[in-house]
Amino acid sequence: MEHIGYETTPRSLDRVFAALSDPTRRAILMRLGDGEATVQDIAKPFEISQPAISRHLKVLENAGLIKRSTNRQTRPAQLTAGPMKDAVRWLEEFQAHWGARLDQLDQLLNELQEKDTK
């Protein structure tokens, strides 16, 4: 696995993980997975104001996770999955790295146990 340092991690990945850190934004993304929706539609199940929903949408939009139509007054939002692919790829690389390390640790522990039983 190629080690990704602080300077080589895309800043867009930082914005994606920051956007995903909030449960309300994750719920909004799940809702948008069902299709395009207006702020009013998105706000219905939440006990927060429409301006608060709009702020969450802005964070999601800045992370590239949604896009909003500019040709209508209602500005419906829709999911865009491209930036999520980068986040998933990073997580998979991280998992592969630590999976290999844990496999090495398992092997070492097995070797130590075998020595103890002899």
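The local environment of LEU109, defined by Cβ-Cβ distances under 12 Å, has a net charge of -4 under the rule Lys, Arg +1 and Asp, Glu -1.
For the chain, the percent of C-alpha pairs falling in each 5 Å distance bin, counted from 0 to the bin holding the largest distance, reads 2, 10, 17, 16, 12, 9, 8, 7, 6, 4, 3, 3, 2, 1, 0, 0.
Counting only DSSP H runs of at least 4 residues, each contributing -39500 (n - 2.57), and dividing by the residue count of the chain, the helix-based mean residue ellipticity at 222 nm comes to -20500 deg cm²/dmol.
Taking the Cα centre of segment 11-117 as reference, the dipole from Cβ charges on Lys and Arg (+1) and Asp and Glu (-1) amounts to some 1000 debye. Bridgeable lysines around LYS58 (alpha carbons under 26 Å apart, same-chain partners fewer than 8 residues away excluded): LYS44, LYS67, LYS85.
A short reminder: the numbers here are calculations on the coordinates, not readings from a lab. As the structure is a prediction and not an experimental result, all values here were calculated from the model. Because the Cβ atoms are built from the backbone with ideal geometry, glycine has one as well, and the counts that use them run over all protein chains shown.
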